[in-house]
Amino acid sequence: MNITTPVTEAVGKYLDLSASQLKLTAGNVANADTPGYHTMGIDFEQEFAQAMKAGANAATPVAKEVGGLIERPDGNNVSLDREGMQMAKAQLEFRTGVSLLRSQYAEILSAIHAQ
C-alpha cells in the first residue's frame with residue numbers, strides 16, 4: 001500500500017534534492033586536488049521550485065559550475081571551507097526533510113488509529 005499526501009510528495013522531492021547536493025559536494029571534495037576541476041553545485045531553491053511545478057514529471061536537478069570562486073594556479077577552484085559549509089547545510093536540509101516526513105506519517109497513523 002502506498003500512502004502519499006501532497007506534503008509527503010513535496011518532502012520526497014526536497015529529500016531527493018538534498019541527496020543530490022550531498023553527492024555533488026562529495027564529488028567536489030574528492031576532486032579538490034584535481035588540476036582544472038571546477039566546483040559543481042545546484043541552485044537548491046530554484047530546483048525545488050521547478051520540481052514542485054513539474055509534479056510527478058520532475059526532471060533530475062541540473063548541476064552547474066559554481067561561479068565567483070577563486071581559482072588556484074592549477075585551474076582548480078574547490079574550496080574545502082566552502083564545501084564543508086555546503087555539506088553542513090545539505091545535512092541540515094536532509095534532516096529537516098526527514099523530520100517533516102516523520103511528522104506527516106505520524107499524523108496519518110494517528111488518523112488511521114482514530115477511526
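Worth pointing out:
- Remark: segment 17-23, residue by residue, has Karplus-estimated 3J(HN,Hα) of 5, 4, 5, 4, 5, 4, 5 Hz, where x stands for each Gly or Pro and the curve is 6.51 cos²θ - 1.76 cosθ + 1.60 at θ = phi - 60°.
- Radius 14 Å from Cβ of VAL7, net charge of other residues (Lys, Arg +1; Asp, Glu -1): 0
- Estimated 222 nm signal from helices in the chain, with DSSP H stretches of n ≥ 4 weighted -39500 (n - 2.57), rounded to 500: -21500 deg cm²/dmol
- Taken one residue at a time, the phi angles of segment 27-36 give Karplus couplings (6.51, -1.76, 1.60, θ = phi - 60°) of x, 5, 5, 5, 9, 4, 10, 7, x, x Hz. Gly and Pro are set to x.
- Karplus 3J(HN,Hα) series, Hz, for segment 102-109 with 6.51 cos²θ - 1.76 cosθ + 1.60 (x for Gly, Pro): 4, 5, 5, 5, 5, 5, 5, 4
- Sorted into 5 angstrom bins from 0, the C-alpha pair distances of the chain split as 2, 11, 18, 18, 15, 12, 9, 6, 4, 2, 1, 1, 0, 0 percent.
- Between the beta carbons of ASP81 and ILE112, assuming R0 = 35 Å, the FRET efficiency works out to 0.15 to the nearest 0.05.
- Based on Cα contacts under 8 Å between residues 6+ apart, the chain shows a relative contact order of 36 percent.
- Protection proxy ranking, peptides 88-94, 29-35, average beta carbon neighbours within 10 Å, highest first: 88-94, 29-35
Taken together, the values in this text are just the output of simple stated rules run on the coordinates, not laboratory data. Everything numeric here is computed off the predicted structure, so don't read it as measured data. Heads up, the Cβs are rebuilt from the backbone with ideal geometry, glycines too, and the neighbour counts pull from every protein chain shown.
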